[in-house]
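Asker: Next up is a structure, given as structure tokens.
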Amino acid sequence: MDSVTPFIVLSSILFTIGAVGVLTRRNAIVVFMCVELMLNASNLALVAFAKQHGDLDGQIAAFFVMVVAAAEVVVGLAIIMTIFRTRRSASVDDASLLKY
Amino acid sequence: MFSMHEGAVPVVDPTTADGIFSLAWLVIALPAAGAAILLIGGAIAPKKFAAFGHVLGTLLPIGSFVLSLAMFLSLLGRDEGDRQVVQHVYDWIDVGGLHAGMDLLYDPLTALFLLLITGVGSLIHVYSIGYMAHDPRRVRFFGYLNLFVAAMLTLVMSENYLGLFLGWEGVGLASYLLIGFWQHKHSAAAAAKKAFVINRVGDMGLSAAIMLAFTTWGSTSFTVISANADGATEKTMTALGLLLLLGACGKSAQVPLQAWLLDAMEGPTPVSALIHAATMVTAGVYLIVRSNFVFDLAPDARTGVIIVATVTLLWGAVIGCAKDDIKKALAGSTMSQIGYMMLGAGLGPAGYAFAIFHLLTHGFFKANMFLGAGSVMHAMDDDVDMRHYGALRTALPVTFLTFSMGYLAIIGFPGFSGFWSKDKIIEVALAENWLVGLCALLGAGITGFYMTRLMLLTYFGEKRWAKDVHPHESPAVMTIPLMVLAALSVLGGLMLAGGWIQDFLSPVVGAEVEHDPPIPALAVTGLAVLIVAIGVSVAIVFVGRRDVPREAPQDVSFVTRAARADVYGDAINDELVVKPGKALTSGLLVFDRSVVDGIFSGGALTVGGVGALVRRAQNGFVRSYALSLLGGVLLVVLALLAVNLA
């Protein structure tokens, strides 16, 4: 392909949407989904640059990111489940005990 | 060889010690070893040492005396020009440009001092065996006495100013330990501290002088300095002379550093005799005579010495007139007599030999009188108030006779040792300046007055004893030293016979200078005797003929009140030194509390305040943390862009 620009633009749009979602949504599951969105946006950018360079370094990095994302989801969902069981609420604002 | 620059100062030019002089180090080592053994052993095994400690402590100074006598006789056998020897014991300081060896100089001046210190010192050690017989800490006392003797010997035998300073500080320490020997008495501890602190002021002068000598000549050795004495400017020499004078004032209790001597009488009487009459307080005179190569080139410094000496000899005499404490009266007398010695030393080559002559005779008769006073106190249950004495000449015949020899010597009765020595100083003083000479004559008259008053109150008149006091003569171990010293008080004048002492000391202080008093010498002598006779008669009329009340009367003249208050010496020190010192320390305390502590606690408070502000960012909301994360990431990206595009 000629230019990698469209893919980067798409990647940044997805990243921004994910970031805004993390900052503004109250439900912990939705925040998680937005984090996944940010990770996939960076995957897209990595693969696009790999195609531009003509080697596979970017694609290998994308694999790493996917593995890490999977592991993180496991741990994160486990935490959210535990909090939900004890507090009966999935809102991020309610877990605010660690303050001055 | 003894060499002399053209009309300039006498040069210290010693040959290496050989023969008996190679044992010079032993003179110091014997009492030093004694001090170490008695102080350490007495602490480890007190019961064993209590049996023989005092004997050991006496035998060692006697050993030093025998050695000093042998060296003196050997020195007399040498030619006049060959009488300075030096022994290099070891390399003491070797740092950068400063090389000071532990060098011992033996020349005529040192020889006389060695005989005085070890001779009179040994007699006082013998006396102390009896005087301190009932004291449980007697071994420690002898340890301290030996320490003193070792330090004093280091002072007079050292060939450079640093070794002299070592001995100087050593005697100051020994004086502190011995004045405060009865440490359970608060007055003794306070007196010891006062003596040490006032001496320290003088020591600063001596330290500054040593530093000045080092920067001027690169060495503190007498040999080097006297050889290169003309190399320094007169200003340097004057500064050096005045600093040495300050040091001498501290050690010899001259005005303005005289206030400690009367309080020092809190120590046991043998201490007062040895340290504060015969030897330590004469160290200042030794310093000035030994530094004659400085003073001979600095007439202004010499004027300073004369002024200090004249003021002190009158000051001490006035104090002695109104003291009821026998030891304090003798202390005032010591202050005055050392003023005479300083006057002799300040008068230059004409007076150095006579200053040393008076120093030696004073050592004899003043030690004699102090030991006699100790004998009287021993008989009167340690009471020092002369108003409680009276008519003791029948109860204490030996003490009375020996004390009288000392009395006749100090007032300058013709024929006794004090007559010859004081007379010579008055003659040279009159030749130099009529006012100084008149003050010296006046001082002699006042000396006659207060010493006669002391004799009348103690040995004559009515018995004013307390109820259960039965005076008895002291044991032989105390009276034999008194007899020896009395004999020396009588015969000490022989040193002047045929001008012996001037010739003997000429390698050190220069040849005797002819002096012309304004009236013939015989007339000066007659005048001095007349003035002393007037002083004695005044005492007989005003003290001997009147009744002596047991309590000191309070309605007395201003002069008497001033004399009782040490001519307001303590009051002056309080106003000029103690009050400003206290104000300075309380000011510094306030500064420390408010400023220094304020900075540190203020700093801590500020940090706490800032922390309280910043703490509010920890609000527990995950979303705000995420926002700050995002903010940070943006900053990093911007920075990267800025670097890459720049």
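Every number here is computed from the coordinates shown, using simple stated rules; none is lab data. Just so you know, these numbers come straight off a predicted model, no measurement behind them. Glycine gets a Cβ as well: all are built from the backbone with ideal geometry, and neighbour counts include every protein chain shown.
Asker: Is the shape of the range B:1-99 best called rounded, prolate or oblate, per the rule: a/c under 1.5 gives rounded, else a/b larger than b/c gives prolate, else oblate, with a ≥ b ≥ c the square roots of the Cα gyration tensor eigenvalues?
Answerer: Cα axes put the range B:1-99 in the oblate bin.
Asker: How high is the FRET efficiency from A:Ile79 to B:Phe600, r the C-beta distance, R0 60 Å, rounded to 0.05?
Answerer: Result of the calculation: an efficiency of 0.85.
Asker: Here is the link list: B:Lys328/B:Lys366; B:Lys185/B:Lys579; B:Lys194/B:Lys579; B:Lys328/B:Lys467; B:Lys185/B:Lys366. Which ones come out longer than 19 Å on Cα distance?
Answerer: Going by Cα-Cα distance, B:Lys185/B:Lys579; B:Lys328/B:Lys467; B:Lys185/B:Lys366 fall outside the 19 Å limit.
Asker: Taking H placed 1.01 Å from N in the peptide plane, check which residues at least 5 places from B:Phe413 or on another chain put their amide H under 5 Å from its amide H.
Answerer: B:Phe419
Asker: Sticking with this structure for a sec: Any chance you could tell me what percent of the C-alpha pair distances in the range B:419-473 go past 13 Å?
Answerer: So the pairs more than 13 Å apart make up 69 percent of the total in the range B:419-473.
Asker: Explain nothing, just compute: Karplus ³J(HN,Hα) = 6.51 cos²θ - 1.76 cosθ + 1.60, θ = phi - 60°, for every residue of the range B:540-549 in order, whole Hz, x for Gly and Pro.
Answerer: Computed from phi, the couplings for the range B:540-549 are 5, 6, 8, 10, x, 7, 9, 6, 9, x Hz.
Asker: Any aspartates and glutamates with Cα under 20 Å of the B:Lys47 Cα? List them, leaving off those in the same chain fewer than 8 positions away.
Answerer: List returned: B:Asp135.
Asker: If I model a spin label as a point 7 Å beyond the Cα along the Cα-Cβ vector, how far apart are those points for B:Arg200 and B:Lys47 in nm?
Answerer: Reported label-point gap for B:Arg200 and B:Lys47 is 4.1 nm.
Asker: Using θ = phi - 60° and the Karplus relation 6.51 cos²θ - 1.76 cosθ + 1.60, list the HN-Hα couplings for the range A:39-54 in order, rounded to whole Hz, with x at every Gly or Pro.
Answerer: 5, 5, 4, 5, 4, 4, 4, 4, 5, 4, 5, 4, 4, 5, 6, x
Asker: Sort B:Lys194, A:Lys99, B:Lys323, B:Lys47 so that the residue with the fewest other Cβ atoms within 10 Å of its own Cβ comes first and the one with the most comes last.
Answerer: B:Lys47, A:Lys99, B:Lys194, B:Lys323
Asker: Hey, what do the phi angles of the range B:601-617 turn into as Karplus ³J(HN,Hα) couplings, whole Hz, using 6.51/-1.76/1.60 and θ = phi - 60°, x for Gly and Pro?
Answerer: 5, x, x, 5, 5, 4, 4, x, x, 4, x, 4, 5, 5, 4, 5, 5
Asker: Additional query: Pull up all non-local amide H partners of B:Ser158: gap of 5 or more, or a different chain, and H-to-H distance under 5 Å with H placed in the peptide plane.
Answerer: B:Leu105
Asker: Multiply the residue gap between B:Thr15 and B:Ser557 by 0.36 nm, knock off their C-alpha separation, and tell me the result in nm, one decimal place.
Answerer: Contour length minus Cα-Cα distance gives 189.1 nm.
Asker: Sticking with this structure for a sec: Based on the Cβ-Cβ distance of B:Ala189 and B:Asp516, what FRET efficiency does E = 1/(1 + (r/R0)^6) give at R0 = 41 Å, to the nearest 0.05?
Answerer: Rounded to the nearest 0.05, the efficiency is 0.20.
Asker: Would you order B:Ile37, B:Ile425, B:Ile531 from fewest to most other beta-carbon atoms within 10 Å of each residue's own beta-carbon?
Answerer: In order of increasing Cβ crowding within 10 Å: B:Ile37, B:Ile531, B:Ile425.
Asker: Among B:Tyr131, B:Tyr340, rank each residue by its count of other Cβ atoms within 10 Å, from fewest to most, as a rough exposure measure.
Answerer: B:Tyr131, B:Tyr340
Asker: Between the range B:427-472 and the range B:330-353, how many Å separate their Cα centres?
Answerer: 17 Å
Asker: May I pose another question? With r as the distance between the Cβ atoms of B:Val607 and A:Met66 and R0 = 51 Å, compute the FRET efficiency 1/(1 + (r/R0)^6) and round to 0.05.
Answerer: 0.65
Asker: Then there's this: At what distance in nm do the modelled label points of B:Thr394 and B:Met483 sit from each other, each positioned 7 Å from its Cα along Cα→Cβ?
Answerer: 2.4 nm
Asker: What is the Cα centroid distance between the range B:167-192 and the range B:591-646, reported in whole angstrom?
Answerer: 61 Å
Asker: Given the Cα-Cα distance of B:Thr215 and B:Leu435 and 0.36 nm per residue of separation, how much length would full extension add, in nm?
Answerer: Between B:Thr215 and B:Leu435, full extension yields an extra 75.4 nm.
Asker: Cα centroid distance between the range B:545-575 and the range A:1-37, in Å?
Answerer: 104 Å
Asker: Counting only residues 5 or more places away or on other chains, whose amide H sits under 5 Å from the amide H of B:Trp92 once H atoms are built in the peptide plane?
Answerer: Excluding prolines and chain starts, which carry no amide H, the hits are B:Ala100, B:Gly101, B:Met102.
Asker: Could I ask something else about it? For the range B:83-150, rounded, prolate or oblate, judged on the Cα gyration tensor with a ≥ b ≥ c (square roots of eigenvalues), a/c < 1.5 rounded, else prolate if a/b > b/c?
Answerer: oblate
Asker: Is the shape of chain A rounded, prolate or oblate, going by the alpha carbon gyration tensor and its root eigenvalues a ≥ b ≥ c, with a/c under 1.5 for rounded and a/b larger than b/c for prolate?
Answerer: Since a/c reaches 1.5 and a/b is larger than b/c, the shape of chain A is classed as prolate.
Asker: Let me ask you something else. 7 Å from Cα along Cα→Cβ at both B:Ile93 and B:Leu629: what's the point-to-point distance in nm?
Answerer: A separation of 7.0 nm, rounded to one decimal place.
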